[in-house]
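These notes concern the structure reproduced below.
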């Protein structure tokens, strides 16, 4: 910085020569310097003022904007997001399609001990052994007097037991809250629900985890707090499920079968109304899985989904429907049924000899193996495989249960002529009864693919058309004739126009080959035939019935009457009215009822998904 | 004039401070009440869950079936069968008693009675 001198020598000398006062020059320069300093200070002060003012404006502006925002927005409750997580229970309920509870939670308590805080370990051990008969008093005493600092005693207990433990008055016995899963209906729908158990356990809470079935498949959804406790609504109808289990159990007893399966499914939506597998279990007290032996001997085994059975003659309708669709045959075409038939070194026989020729309808009605093989041969192996694949017989079903992937059908890897022939009448390809239900529903749905589901009211894309409507209607008509004049006469229920197909398949031996006296008999049905609404599958494992003509194991004598009993019982429950010839008079109302809807009458339903 | 302005400003600030103080305590009281209500809701929800579970347990199909069997002499209930439900249009309802003023009117008109 260049500083201007107060007394510049040149100017002073010049002033002295002119006789002026040199101090004036100094005063002038001093004044200029002060002015410059003042200007600088003022500028700085003004800058500070401006900064302060802008900070104040900013501050007040923020407050003002916030106040405006608070005033214009709807009032919300502070802390609500923190609190509401505690209000809603940690696992959502499961209900049936009408909202009846299938699984819910109860708050119970767990019991744990701090042995180092105990006053009287001997008395505590004795008291606990008296309250809980399943606990060993000596072992407890050893634990309480040992060096342990912490131990669990009971996972869950009843309020009465809790009070009794309270009454012991032992400070070293402590309680922790536990949410417990309850299945109030006991063994009903046990395979669908599965069961639950505890995951990570702490003193204050424990995770409830699904172990099997729907509980496990929807574990994430049920525990998601974002659903705000909305229940999971299944497509099951509790009343229908209970009735089916009852009728099926008595049918199983009459037919002295080892196991039984029943499935009732809505055709249009693919929703499963009832699915039973016997023997079953109580999900409140889930038995341990078998570690060795055949898993299908355990009550945990869900025959409807996990069972892989060769379903026998029920498959015959598929090659026939496909041949009708491809216009290779019509219902009256004559089919060569000369028995036995030879394919390579194998012989294919009929149950009894039906003569040299049957119409295509009679091949189904009389259940001729040879006739079906002839029709399958007209279709060809590739097209037969493609059709079965489209019906879903090659893949596990996309049903909402963890067990679904284990029900992947057993499909032969190679398809020589003899395999193609046996598969056409249901041997050599093992699928679950639910696969069969889906395939029959597809045929009865005018050929549009039906995918089974356990969730009620879910919107799903319409299935692919894999069979023409005309061929599908003709196939259902053939199935109806099986019941009116064929192998399933015992399945007829007046008014419900049952259409179906029986299937009796020999059980394969684990060592290879087939048993002579053990069969799986199946009846796959659709009703009412004139406008199919429901599909029902009944499968009995190793049934046998002794009638007037001796012992019989055929599906027509075992599965068909059970199916008829179930349809007779369930059809009124699902609201299906019988078709009768009786004409009731239609009476014109004598007065117009005055019913005005009140403003608050609308029913509020929590939407699912 | 100026002292009056100062006085008014001071009073205004004191008033606002008092209001803010009151508002602060009212908010805290409301929050306390809120958490109380939340706890109550949680408790009630838990009770509701227990009641729903008990209702479902008492109405489980197995128990109802047993009760129906036990009380068969009085109730005589059997499973629903086909043909027990019919359309409303097939039912001949009796004509309800006409309201008094309409009665007087219809007595004048014999055609209405024969309908």
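FYI, it's all coordinate maths here, none of it is from the lab. In this text, all values refer to a predicted model and were calculated from it rather than measured experimentally. Backbone-built Cβ (ideal geometry, glycine too); neighbour counts: all protein chains shown.
For the residues of A:105-111, the average number of beta carbons from a partner chain within 10 Å of their own beta carbon is 2.
Rounded to two decimals, what is Rg over Rh for segment A:500-592 when you use alpha-carbon atoms and the Kirkwood radius?
With Rh from the inverse mean 1/r over Cα pairs, Rg/Rh is 1.22.
One Cα centroid belongs to segment A:159-210, the other to segment A:524-586; the line between them spans 43 Å. Please list, in order, the residues from segment A:528-569 whose amide nitrogen is less than 12 Å from a point placed 7 Å along the Cα→Cβ vector of residue B:80. Output list for this probe position: A:569. Think of it as helices only: each DSSP H run of n ≥ 4 in chain A is worth -39500 (n - 2.57), and spread over all residues that comes to -11000 deg cm²/dmol at 222 nm.
Each of the peptides B:80-86, A:465-471 was scored by the mean count of other Cβ atoms within 10 Å over its residues; in descending order, highest first, they stand as A:465-471, B:80-86.
Between segment A:338-378 and segment A:84-148, what is the separation of their alpha carbon centroids in Å? Segment A:338-378 and segment A:84-148 have Cα centres spaced 65 Å from each other.
For residue A:126 and residue A:205, what is the calculated FRET efficiency with R₀ set at 35 Å and r taken between the beta-carbons, to the nearest 0.05?
Numbers: r = 30 Å, r/R0 = 0.86.
According to the calculation, E is roughly 0.70.
The C-alpha atoms of chain B define a longest principal axis, and helix B:61-70 lies at about 50 degrees to it.
At q = 0.19 Å⁻¹ the log10 of I(q)/I(0) for segment A:251-303 amounts to -0.78, computed by Debye summation with a single uniform scatterer per C-alpha, solvent ignored. Bridges between two residues of the protein assembly as shown, per DSSP, are antiparallel at a rate of about 95%. The mean number of Cβ atoms from other chains found within 10 Å of a Cβ in peptide B:46-52 is 4, as a whole number. The stretch between residue A:114 and residue A:298, if pulled fully straight at 0.36 nm per residue, gains 62.3 nm over its current Cα-Cα span.
Equivalent-ellipsoid semi-axes (√(5λ), Cα gyration tensor) for chain B, whole Å, largest first?
70, 39, 10
Short to long, the 10 Å bins of the Cα pair-distance histogram for segment A:93-233 hold 11, 35, 26, 19, 9, 0 percent of all pairs.
Compared with the direct C-alpha span, the chain from residue A:253 to residue A:484 gains 80.5 nm at full extension, assuming 0.36 nm per residue. If you split all Cα-Cα distances of segment A:141-295 into 5 Å bins from zero, what percentages do you get per bin, shortest first? Going from the shortest bin to the longest, the percentages are 1, 7, 12, 15, 16, 13, 11, 9, 7, 4, 3, 1, 0, 0. Fully extending the segment from residue A:30 to residue A:410, taken as 0.36 nm per residue of separation minus the present Cα-Cα distance, adds 125.7 nm. Its Kirkwood hydrodynamic radius, worked out from the mean inverse distance over all distinct Cα pairs, puts segment A:438-519 at 15.4 Å.
Can you pull the mean other chain C-beta count within 10 Å for peptide A:492-498?
Details: counts 0, 1, 2, 2, 1, 0, 0.
Mean inter-chain Cβ contacts per residue within 10 Å come to 1.
Taking only the Cα atoms of the protein assembly as shown, the radius of gyration and Dmax are 41.9, 161 Å.
Expressed as a whole number of Å, what is the distance separating the alpha-carbon centroids of segment A:1-55 and segment A:221-298? Centre-to-centre distance over Cα atoms comes out at 103 Å. Relative contact order of segment A:93-233: 30 percent, from C-alpha pairs under 8 Å at least 6 residues apart in sequence. Based on Cα contacts under 8 Å between residues 6+ apart, chain A shows a relative contact order of 12 percent. Each of A:122, A:538, A:370 has some number of other Cβ atoms within 10 Å of its Cβ, and from fewest to most they run A:122, A:370, A:538.
For the peptides A:61-74, A:410-423, the ranking by packing is A:410-423, A:61-74, with the highest mean count of neighbouring Cβ atoms within 10 Å listed first.
Rounded to the nearest 10 degrees, the angle from helix A:433-444 to the longest Cα principal axis of chain A is 80 degrees. In terms of packing, defined here as the mean over residues of other Cβ atoms within 10 angstrom, the peptides B:26-39, A:144-157 line up highest first as A:144-157, B:26-39.
Among the DSSP beta bridges whose two residues both lie in segment A:93-233, what percent are antiparallel, rounded to the nearest 5? Before the final figure, lay out the partial values.
Numbers: 21 of 23 bridges.
That works out to approximately 90 percent antiparallel.
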